[in-house]
Amino acid sequence: MKQITILFLLLFSLCVRAQDKLLTMEDAMVNNKTTLAPENLRQLQFIYGTTDYVYLKKTDGKEAWVKGNLKTPETIFLTLDQLNEKIKPAGFGTLEAMPAIQFNAAPEWLFAVNGTALTLNPQTGQVKERIDKNANSKAVVEAGSAGFVAYVDNDNLYVTSTQYGTKQVTRDGSSNIVYAQSVHRDEFGISKGTFWSNNGKLLAFYRMDQSMVTDYPIIDWTQYPAVNHNIKYPMAGGRSHQVSVGIYNAVINSTTWVKTGEPADQYLTNIAWSPDDKWLYIAVLNREQNHMQLNQYNATTGAFVKTLFEERDDKYVEPLVPMLFVKNKANQFIWQSNRDGWNHVYLYDENGSMIKQLTKGNWEVTEVKGFDAKGENLFYMSTEASPITRNLYAVNIKTGVTKKITEAAGVHTTQVSTDGSAIVDAYAAADNPRTVEIRDVKSSATKTILQAANPISNYALGKLSIFTIKNNAGTELYCRMYTPVHFDSTKKYPVIVYWYGGPHAQLILNAWNGGASDYWFQYMAERGYLVFSVDTRGSDNRGKAFEQTIFRRAGVAQMEDMEDALRYVTALPYADKEQMGLFGWSYGGFMTTDFVLHHPGTFKAAVAGGPVMDWKYYEIMYGERYMDTPQENPEGYEATNLIKQAGKLKDKLLLIHGLQDPVVVQQHSVLFVKACVDAGVQVDYMIYPGHEHNVLGKDRAHLYQKVTDYFMNNLK
C-alpha cells in the first residue's frame, strides 16, 4: 500500500510539473509552426474525378501516399519505389524522396523530377514533360492546357512548347517595363501576371510601364560596400505606373493589345476568359477607385465590345475576384460584390443583366469554392453563422435555396470533390486544435480522418476567452483575452493590448488559439500578463460600413473603439490600469503611435512595428483608396501625419522596422525619429537588417524577445 501511495504521489508530482512547464520564446514563435503546431495531414487532397482522398504519410521511416474514402479504410496508394518504376521508362531519372504531387488539378498527376515538371496519366502510365528544366528554373512560370509554357527571362516574356519551340514574345522588358508579373502592387486581388485561355492557346498578360514612377532606394547592407537597389514606389498623390494587357496567340506567334483606353493610370483588374475564349473580360477601375466597369473585349482584335455593368460608391469600390462562368451554362456567370453592404454572389447573363442575387444577409461570402457536377449548385464559404466562424454552404443557382454543409462551430477550411458530392473538411475552434473529416454532401455522412491533440497541453496556459463588447455607437466588437497562468481575481495584473484595426485583417476567430498564429500571447500570460485584443471598426469581414469608417480619416473610428475597449478592460478588478502596454504592426503600428500621441498616460509603454507615420509616403493603390490623394484630402493627411505630432510623445515608445521594407518604407519611422530628436523627445528604435515588412524565420523569436523585454522593463 505504501508503494502504491508513493507511486501515486510521484505521478501526481510529474503531472503538476508538466503542467507548470513554460513556453520558451523559440516555442512560441518558431516551434509553433513545427513541433508545437497542431497535427495535420500533409498535402491532403481529392483525386481528380473521384471522392477518394489522399495524403502523404510516413510509415516505417518512408513516405507514401495513403488513399481512402468515406466508405473504405485507408490503404497505401503510392510508394516512392512505385513512382520511380512509373517514371523510369520515360528516362527522367530517379527520385530520392517523394515529391509533392497534385492529384486534384487534372486527370493526370502533376509533379517534378530533378527540376523537370511532368504529368503522369494514371490510366495509361504515360509520362510526359510538362515544363522542361530550363523553363522551370525561370521566373513566373505558368503552363497552359495545350502544352505551351509562359515564363519570364531577362525581363521579357517567352512562350515555349515541344511542338512550336521557344518564342520571345516581348523585347523591351526592363526594370522600367515589367512583363507578365503582378501589377498595381498586388491590390485588387491581383497575384500574378499571366492568364492562359481555357484551350491553352491564348495568353493574356500584363505590361507595366513604371518608368514615370520615382525610384526609391532599398539598401543591401550585407554587401561590401553596401549596395543600393532601387524599387518603383508610387506614393499617394504622385505619378502612378501605367498598365496594359496583351493577348499572345501561341499558335500563330502574334500579339494583340487590348484597347482599354484612357486614362493611362487606371487599374486593370480581375482578368477572365469566356468559356469559348472569344472574349476577355477586365474589371476597369478608375484611379479614384469609386467607379468600376466590367468590360468585354474581343480576344482576336483587342477591341472594346461593351461594358456589362458598372459599380459606383461614394467612398470606394474594390473588385477582388474575377467573374466565374457557371459550369455547363456558358451564358451565365457569378460576380462577387459588396454593393448592398455585404460581400455576396450575384448571377448575371452574358450581356451583363443581373438575373438574381444568390446570397443575401448581414454577413459576408468569404470565398467561392466552385460548382457541383451539373453546375446546379455553387459552393461558398461565409460568416453567416458568426463573424468569427467560417462554414461551407451551397446555393442552388435556379431556386436560390441554400444549404449549410459543415456543422461544427469554428473555422472550416474545405476542399470540394470534382463532382461536388463530397468534401474534405478541416476545422478548428478555440478548444479544438484540428479535426479533419470527409463528408458526403447529400447525406451528411462523415468519417473522421484526424483528430489532433492539443500540442501545448503539457504547458502552463492562461485561460482564453472570446467575447463581445459594444462601442458607443452600439456596434458589437469582438475581443479576445488571455488571463494569466494561476489567475487570481483578487490580484492586479499588468495588461498587454495587441491590435491592428485596418482593412483585410481579422485578429479574432473561433479557431485554434483564438485565431492567433503563434503562442506569444500565452507566453505573456505565463509570465503574469493579462493579454487583450479587439477587432475595431475598419477590420475585415464585418461588412462595408464597418470597414469604410477608415475613409479619409484613418484611425479616428479605431481610436474611439479602443477607448471603449479600454473602459471595459480597466473596469476589470484584476486589471492594473497603471501598468498597460500597447502593441501593433503595420496599420496596427500606425494606430499604436497615433493612440499614444493622443492619449498620453494611458499606456506606460508601446511598441509600433513597421508603422505608417505619414500617409503621403504610402503607396497610391492602398493609400488613395482609403485616404484619397493628399491634394483631395489635405485635412485628413494633416490629421494623420504623426511625424508632425512627434513632440506630443510622453510615453515609452519602441519603433521597429525591417531594413528592406518595400511596403511601409523605412522613411516613415526614420522621419518620426528625426522629429522626436528635433523636439527633444526620447524614442527607442530597433531595425532588422535583411527583413522586409515582416520579420520572419528564426529572427522572429528575436523580434518578440525584444518586444517582451521592452514591456517587462517598463511594466511591473
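Between Tyr224 and Gln163, the simple label model (points 7 Å from Cα in the Cβ direction) yields a spacing of 5.5 nm.
What the phi angles of region 521-529 give under the Karplus curve with 6.51, -1.76 and 1.60, with θ = phi - 60°, is a coupling list of 4, 5, 4, 6, 5, 5, 9, x, 9 Hz, glycine and proline written as x.
Once the Cβ-Cβ distance of Thr94 and Thr307 is raised to the sixth power relative to R0 = 45 Å, the FRET efficiency obtained is 0.20.
Computed extension gain for Asn121 through Ser211, at 0.36 nm per residue and net of the alpha carbon distance, reaches 27.8 nm. Of the cross-linked pairs Lys33/Lys698; Lys329/Lys374; Lys138/Lys192; Lys650/Lys716; Lys201/Lys306; Lys33/Lys369, those separated by over 20 Å at the C-alpha level are Lys201/Lys306; Lys33/Lys369.
Exposure proxy ranking for Glu638, Glu437, based on other Cβ atoms within 10 angstrom of each Cβ and starting from the fewest, stands as Glu638, Glu437. For region 427-487, chymotrypsin sites (Phe, Trp or Tyr not before Pro) are listed when DSSP marks them as loop and at most 16 other Cβ atoms sit within 10 Å of their Cβ; the list is Phe487. The stretch between Asp277 and Thr255, if pulled fully straight at 0.36 nm per residue, gains 6.4 nm over its current Cα-Cα span. Compared with the alpha-carbon gap, the fully stretched path from Gln102 to Lys716 is longer by 215.7 nm at 0.36 nm per residue.
Over what distance in Å are the Cα centres of region 39-84 and region 274-306 separated? That distance is 42 Å. Here the sum of -39500 (n - 2.57) over DSSP H runs of 4 or more residues, divided by the residues of the chain, equals -4500 deg cm²/dmol at 222 nm, to the nearest 500.
For Arg130, the residues whose amide H sits under 5 Å from its own are Ala117, Leu118, Thr119, ignoring neighbours fewer than 5 places away on the same chain, with H placed 1.01 Å from N. Each of Asp699 and Ala545 was given a label point 7 Å from its Cα along the Cα-to-Cβ line. The distance between the two points is 4.4 nm. The distance separating the Cα centre of region 445-520 from that of region 543-581 comes to 17 Å. For the chain, the gyration tensor built on C-alpha atoms gives an oblate shape. Its axis ratio a/c (a ≥ b ≥ c) is at least 1.5, and a/b is not larger than b/c. When peptides 645-658, 622-635 are ranked by their average number of other Cβ atoms within 10 Å per residue, the highest-first order is 645-658, 622-635. Close amide H partners of Asp153, meaning residues 5 or more places away or on another chain with modelled amide H under 5 Å apart, are Tyr158.
For Trp279, the residues whose modelled amide H falls within less than 5 Å of its own, excluding neighbours fewer than 5 places apart on the same chain, are Ser274, Ala299. Evaluating 6.51 cos²θ - 1.76 cosθ + 1.60 at θ = phi - 60° for every residue in region 471-477, the Karplus couplings come out as 7, 5, 7, x, 7, 6, 10 Hz, glycine and proline recorded as x. For region 466-504, trypsin sites (Lys or Arg not before Pro) meeting the loop criterion (DSSP other than H, G, I, E, B) and having at most 15 other Cβ atoms within 10 Å: Lys491.
3J(HN,Hα) couplings calculated from phi for region 98-114 with the Karplus curve 6.51 cos²θ - 1.76 cosθ + 1.60 (θ = phi - 60°) are, in sequence order, 5, x, 5, 10, 9, 9, 9, 8, 6, x, 8, 7, 10, 6, 10, 10, 6 Hz; Gly and Pro show x.
Taken as Cα centroids, region 672-715 and region 113-190 sit 41 Å apart, rounded to the nearest whole angstrom.
Label separation (Met559 vs Lys674): 2.4 nm, computed from points 7 Å beyond Cα along the C-beta direction.
Each reported figure results from applying straightforward, stated rules to the coordinates on display, with no laboratory input. Owing to the predicted nature of the structure, the values given are computational and were not obtained by experimental measurement. No Cβ is skipped: glycine too gets one built from the backbone with ideal geometry, and neighbour counts run over all protein chains shown.
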